[in-house]
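As C-alpha cells, the structure follows; a few thoughts come after it.
We did not get these values from a lab; they are worked out from the coordinates using the rules stated. Everything numeric in this text was worked out from a predicted model, so none of it was measured. All Cβ positions, even for glycine, are placed from backbone atoms using ideal geometry, and neighbour counts span all protein chains on display.
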Amino acid sequence: MTVLSATHVTKKYGSHTAVDDVSFSLPEGKCIALIGPNGAGKTTILRMLSGLLSPTNGDVRLDNIVNHVDYRKFIGYLPQYPVFYNWMTGREFLIYSGQLSLLSKVEATKAADEMLKKVGIEEAKNKRISGYSGGMKQRLGLAQALIHQPKVLILDEPVSSLDPLGRRDVLTLMKELKESMTILFSTHILSDADAISDEMLLLHKGKLIESGTMQELREKYQTDVIELDFQGIQDLQQYEKRIRNIPFVTEVKVNQNSLAVIADDLTLLRKILLEKAGQEDWPLIGFSLNKAEMEDIFMKVVKQ
Ligand SMILES: Nc1ncnc2c1ncn2[C@@H]1O[C@H](COP(=O)(O)OP(=O)(O)OP(=O)(O)O)[C@@H](O)[C@H]1O
C-alpha cells in the first residue's frame, strides 16, 4: 500500500527549476533513500512532501489526502540543519516540541520520556543540549521528529554531518525505526543508502532519473567491475588513459593501488585487458571481478 506519493511535482524558484516533474510513491513500511549530488533538489522535494513548501505544479498526496490539507501531523521531519535551543535540556526540548505538535503537556511529557529511551539518550535527558555531541543532537532531532508518532518519517541528510561513530549510531537507530514506520531519507553518501534502504530514488538536476531496489538497479545496469591491482605505488594515470581508450569502457575509477573498470561487455573487457597487460607487461598483482558499488551505478545511470 502507498502511504505518500508525489505526482508530476515541479518546484521553480523564479526562473530556476529545482525539481522537474518528479513522480514516485512510498510503499508502507519501506525505507527509501533519495540519492543525489549537492543541488540535485533533495531538500526541496523533502520539504514539499513534509508540507513545508508548496509545489509550483503537481500533487503531493498522503494516503488519500491531497495538498493544501494540513497533514503535517502524519509526517515527522528532521531538517538537514535542525535548530535547537541549546540552553534547554533534551527533555525540555522534546516536551516543547510535543506541545508544538499539539500534544497536551501531560501527553508531551509522556511521549518525551518514551522517545528519549527509544533514541538512546535517556541518561543525558537533564543535560543542556549545548553539551550534546553531534550524534546525540541528531538522536534528539530524530526524537523530535517522532514525538507525535507520525506515519512517515522524512529525514534530510541525517548522517552526512556526523563523524563515523555518530554516523554508525544514527544508521543503527534508523534500521530499528524502519521496522515500525515508513522512512524517506536523503543522502549523497551512496554506501549509506546501500546499507539501510529497501529502495532508492536517484535524482539528478531536479529530475528523477532512476528508481528501484539495489538488486534491480544492479541487474538493470549490469554493473560488475573488473578490478586491477598494481604492485607498489605506480603512476596509474598512464594505465587509466590506456583503458579509457578502449571504446566500450564506461568508467575507470582510480584507487590507491588499483583501477576499477566498468564496461558494457565484461567478457570482452576481460579478454582485452588480459591481452594488453600481457603484451605491455603491466605490473599487476591482482585481477578480479567484483560487484559494483552504488557510485558506479549512479555514474552509469547519469551517463545514460
Ligand atoms: N529558496 C531558494 N531560492 C532559490 N533557489 C533555491 C532555493 N532553495 C534551493 N534552491 C536551488 O534549488 C536547487 C536545489 O536545491 P536543494 O537544496 O533542494 O538541493 P539538495 O539536493 O538538497 O542539495 P544539498 O545536498 O546541497 O543540500 C539548487 O540549485 C539550489 O540552489
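What's the local net charge at residue 107, with K and R +1, D and E -1, over the other residues with C-beta under 15 Å away?
After counting each charged neighbour, the total is +2.
If the cut-off is a Cα-Cα distance under 13 Å, which aspartates and glutamates reach residue 178, setting aside same-chain residues fewer than 8 apart in sequence?
By straight Cα distance, residue 178 reaches 28, 198, 199.
If the label point is 7 Å along Cα→Cβ of residue 229, which residues in the range 260-301 have backbone nitrogen under 20 Å from it?
260-262, 270-271, 273-275, 277-278, 281-293
Can you tell me how much longer the chain between residue 257 and residue 285 gets when fully stretched, taken as 0.36 nm per residue apart minus their C-alpha distance, in nm with one decimal?
Gain in length upon complete extension: 9.1 nm.
On alpha-carbon atoms, Rg over Rh for the range 79-230 using Kirkwood Rh?
1.06
When the Kirkwood radius is taken over all Cα pairs of the chain, what Stokes-Einstein diffusion coefficient follows at 20 °C and 1.002 mPa s, in µm²/s?
Roughly 100 µm²/s, to the nearest whole number.
Return the Rg/Rh ratio of the range 88-173 with Cα-based radii and a Kirkwood Rh.
Expressed as Rg/Rh, it is 0.96.
Where nothing but the Cβ of Lys and Arg (+1) and of Asp and Glu (-1) is charged, how large is the charge dipole of the range 167-304 around its Cα centre, in debye to the nearest 20? Don't skip to the end; give the middle numbers.
Details: 18 positive and 24 negative charges, 73 e Å.
With Lys and Arg at +1 and Asp and Glu at -1, about 360 debye.
Report, ordered by chain and residue number, the lysines lying within cross-link reach of residue 220, taken as a straight Cα distance under 17 Å and ignoring same-chain residues fewer than 8 apart.
291, 300, 303
Work out the charge dipole of the chain with +1 on the Cβ of Lys and Arg and -1 on the Cβ of Asp and Glu about the Cα centre, then indicate which of 97, 202, 144 is farthest towards its positive end.
The residue sitting most towards the positive pole is 97.
So how strong a dipole does the range 103-192 carry about its Cα centre when Lys and Arg Cβ are +1 and Asp and Glu Cβ are -1, to the nearest 20 debye?
Working: 14 positive and 12 negative charges, 46 e Å.
Dipole about the Cα centre, nearest 20: 220 debye.
Could you list 62, 165, 284, 155 so that the one with the fewest beta carbons within 10 Å of its beta carbon is first and the one with the most is last?
Neighbour counts put them in this order, fewest first: 165, 284, 62, 155.
Distance from a point 7 Å along Cα→Cβ of residue 302 to each backbone N in the range 25-44: keep the residues under 19 Å and list them by number.
33-44
Report the local net charge at residue 279: Lys and Arg +1, Asp and Glu -1, summed over other residues whose C-beta lies under 13 Å from its C-beta.
Neighbour charge sum, excluding residue 279 itself: 0.
At a Cα cut-off below 20 Å, give the aspartates and glutamates reachable from residue 125, other chains included and same-chain residues fewer than 8 away excluded.
92, 107, 113, 114, 169
Quote the charge dipole size of the chain about the Cα centre in Debye, to the nearest 20; the model charges only the Cβ of Lys and Arg (+1) and of Asp and Glu (-1).
Using only the charged Cβ atoms, the result is roughly 1040 debye.
So, counting K/R as plus one and D/E as minus one, what does the shell of residues with Cβ under 13 Å around residue 86 add up to?
Result for the local shell: +2.
How much length is gained if the chain between residue 165 and residue 205 is pulled fully straight, taking 0.36 nm per residue apart and subtracting their Cα-Cα distance, in nm to one decimal?
Full extension from residue 165 to residue 205 adds 11.3 nm.
With a Förster radius of 35 Å, plug the Cβ-Cβ distance of residue 244 and residue 8 into 1/(1 + (r/R0)^6) and report the FRET value to the nearest 0.05. Kindly include the intermediate steps, with their values, before the conclusion.
Working: r = 39 Å, r/R0 = 1.11.
Taking R0 as 35 Å, the efficiency between residue 244 and residue 8 is 0.35.
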